[in-house]
1. Please work out which one of (1) assigned to a loop (DSSP other than H, G, I, E, B); (2) touching a helix residue (DSSP H, G or I) at 6+ places or on another chain (Cβ under 8 Å); (3) on the phi < 0 side of the Ramachandran plot is the condition residue 250 fails and give its number.
2. Within the range 222-259, track down each residue that is over 20 Å from the mean Cα position of the chain (by Cα) and crowded, with 16+ Cβ neighbours inside 10 Å.
3. Among the residues of the range 109-121, is there at least one that is under 19 Å from residue 150 (Cα atoms), out of contact with any strand residue (DSSP E or B) (no Cβ under 7 Å at 6 or more places or on another chain), hydrophobic (A, V, I, L, M, F, W, C) and at pLDDT 95 or above?
4. For the range 216-236, which residues satisfy the criterion of being in contact with a Cys (Cβ under 8 Å, 6 or more places away or on another chain), in a helix (DSSP H, G or I) and either closer than 21 Å to residue 35 by Cα or among the aromatic types (Phe, Trp, Tyr) (or both)?
5. If only one of 306, 281, 310, 299 is within 23 Å of residue 43 (Cβ to Cβ), touching a strand residue (DSSP E or B) at 6+ places or on another chain (Cβ under 9 Å), surrounded by fewer than 18 Cβ atoms within 10 Å (Cβ to Cβ) and not charged (D, E, K, R), which one is it?
6. Looking at 302, 279, which is the one that is under 20 Å from the mean Cα position of the chain (by Cα) and either modelled with pLDDT of 95 or more or basic (Lys, Arg) (or both)?
7. Name the residues in the range 323-373 that are in a loop (DSSP other than H, G, I, E, B), over 19 Å from residue 289 (Cα atoms) and among the hydrophobic types (A, V, I, L, M, F, W, C), would you?
8. If I go through the range 120-137 residue by residue, how many of them are touching a helix residue (DSSP H, G or I) at 6+ places or on another chain (Cβ under 8 Å) and either without any contact (Cβ under 8 Å) to a residue 40 or more places away in the chain or among the aromatic types (Phe, Trp, Tyr) (or both)?
Amino acid sequence: MLAQQRTRWGGIADGHFRPGGYFRVGRHNGVFWMVDPDGGRFLSKGVNTVRFDQDQIQNSERIPYAEACRRKYGGPDGWRHAAAARLASWGFNTLGSWSDEAVAGAGPTPLAVTPNLDLGMSFAWARKEHFPDVFDPEFERHVERRARELCAARREDRNVIGWFTDNEMRWGADWRGPEDMHALFLNLPAASAGHRAAIAADREGFTALAAERYFALTSAAIKAADPNHLVLGCRFALLPSPDVIETAGRYADVVSFNCYDFDPVGAIEAYGAAGKPCVIGEFSFRSADSGLPNTNGAGPKVVTQGERAGCFRRYIGAALRKPTVVGYHWFEHADQPAEGRFDGENSNFGTVTIDDEIYEELTRAMTAVNAEAEQVHAGGTV
């Protein structure tokens with residue numbers, strides 16, 4: 001196979017799309033793509049949490065990964081150069097959420113970035129709510145203010161693909177509790193706008209009502225502060241009701257979701273009903289031979305690193321054959337500490353160990369899959 005000419009961003013420079021200055025979405029022969037600032041056919045191939053100070057051990061001051069990297073590289077700057085060069089050599093072109101964005105310009109080629117704004121949940125956390133009271137008039141003012149603070153100054157940044165509005169919000173019953181959206185809002189203080197809205201609304205239609213308010217306000221706030229970059233959606237954790245997906249598709253440029261399954265096809269098809277391209281914001285596989293407990297953390301567990309690499313090949317191979325997929329972000333860059341990070345997760349999610357040693361079988365698979373991703377996606381079928 002002849003090598004394909006690529007733009008500086010890693011997109012395929014074949015003339016199907018024209019340069020536009022910023023990342024956008026497009027469609028060619030029925031297949032969705034991102035389009036990079038130079039007009040390249042682009043798939044966002046990313047890794048989450050690329051950072052020197054990843055994962056402080058819970059109830060301690062220690063960050064074992066940072067300790068190892070300080071010994072190995074002398075400090076953050078040396079590590080950034082090494083991490084950026086490795087990611088590029090593995091065929092990744094994007095820093096996923098919660099990454100140190102200084103890595104983006106530290107390597108041989110620029111990396112795109114996809115920050116998570118926590119637009120809605122920053123409002124909820126301040127009030128100790130499970131889901132933001134989107135009916136409160138202050139919610140609109142909050143998301144407008146936060147979007148201005150985080151997005152406006154970066155409206156001309158070429159390496160920003162777009163903005164995730166939030167991550168893994170609670171759209172109904174999940175691992176955090178059995179309550180549906182209507183019950184969550186009924187549990188708010190009686191004088192709150194959300195409680196009053198829940199009282200007045202039909203239970204069956206309430207989630208769609210809240211979704212309309214959430215997606216309309218967050219998308220408008222971002223576009224007002226930064227009209228140049230994409231709204232990448234809220235990184236759904238579990239599949240919500242079809243009306244929530246439909247609403248997300250009306251307001252976001254891209255529908256994003258996290259999918260910790262062996263096979264993503266069912267989720268991709270469900271989210272594809274929105275009629276918009278989609279990004280897999282998180283996925284991963286963990287192996288028993290890593291020596292880590294793997295007792296706390298999402299996703300499938302396998303026995304060996306070879307099986308882990310095979311899972312990556314099959315998962316992304318299946319995803320790329322779906323015409324709506326325009327990106328996939330692996331969770332995450334380095335393994336978690338055996339003692340558990342802030343929330344107790346202690347799993348083998350890394351491309352490298354906590355001592356910064358590369359998982360060779362996994363990264364070889366990533367390199368091979370990333371190299372042929374555009375060709376596979378171009379032949380995708382419905």
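The values are calculated or read from the model by the stated rules, or taken from the named source; none is laboratory data. The structure presented is a predicted model; accordingly, all values stated were derived computationally and were not measured. We place every Cβ from the backbone using ideal geometry, glycine too, and count neighbours over all the protein chains shown.
1. (1)
2. 225, 241 - these are the residues of the range 222-259 that are over 20 Å from the mean Cα position of the chain (by Cα) and crowded, with 16+ Cβ neighbours inside 10 Å.
3. yes
4. Correct list: 222 only.
5. Just a single option satisfies the conditions, and that option is 310.
6. 279
7. 342
8. Number satisfying all stated conditions: 4.
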